[in-house]
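Working notes, structure below.
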Amino acid sequence: MGGVPDKIHTWQMVQPTTKDEESGQVTPGKLEKTALDVPELKPGEVLVEVAGCGVCHTDLGYFYDGVPTVNNPPLTLGHEISGTVVFPS
């Protein structure tokens, strides 16, 4: 890689699945492909190009069951990653 990219391309949950209590109508969750600015790296930090990412049961709960999260959407699900350090190289 020639340097630090300007953008991170990812999928984010923008809306969890919801169910109306009275009618029982289910509104499916939504994911959107997006590009985020790469944050400025601080001393001791690295940039990792993700090769694979696991989505855990809690992530599925956020998306399919509307389980409350600490952060409001949009948010990138998954935290069990593997990849290659691309900067500093």
> On the given criteria, is LEU47 under 15 Å from ILE81 (Cβ atoms), in contact with a strand residue (DSSP E or B) (Cβ under 8 Å, 6 or more places away or on another chain), of a type outside the set (Val, Ile, Thr) and surrounded by 10 or more Cβ atoms within 10 Å (Cβ to Cβ)?
Replying inline: yes
> When only residues in region 32-44 that are more than 12 Å from ILE8 (Cα to Cα) and either of a type in the set (Asp, Glu) or surrounded by 13 or more Cβ atoms within 10 Å (Cβ to Cβ) (or both) count, which is farthest from the chain's Cα centre (by Cα)?
Replying inline: GLU40
> Looking only at residues in region 5-39 that are part of a strand (DSSP E or B), over 30 Å from PHE87 (Cβ atoms) and of a type outside the set (A, V, I, L, M, F, W, C), which one is modelled with the highest pLDDT?
Replying inline: LYS30
>> Please go through (1) in contact with a Ser or Thr (Cβ under 9 Å, 6 or more places away or on another chain); (2) assigned to a loop (DSSP other than H, G, I, E, B); (3) aliphatic (A, V, I, L, M) for VAL70 and return the number of the only condition it doesn't satisfy.
In response: (1)
> Does region 62-77 include one or more residues that are of a type in the set (A, V, I, L, M), over 12 Å from the mean Cα position of the chain (by Cα) and modelled with pLDDT under 90?
Replying inline: yes
>> Among the residues that make up region 25-32, is at least one of them closer than 19 Å to ASP59 by Cα and touching a Phe, Trp or Tyr at 6+ places or on another chain (Cβ under 6 Å)?
In response: yes
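The values are calculated or read from the model by the stated rules, or taken from the named source; none is laboratory data. These figures come from a predicted structure and were not determined experimentally. All Cβ positions, glycine included, derive from the backbone under ideal geometry; neighbour counts span all protein chains shown.
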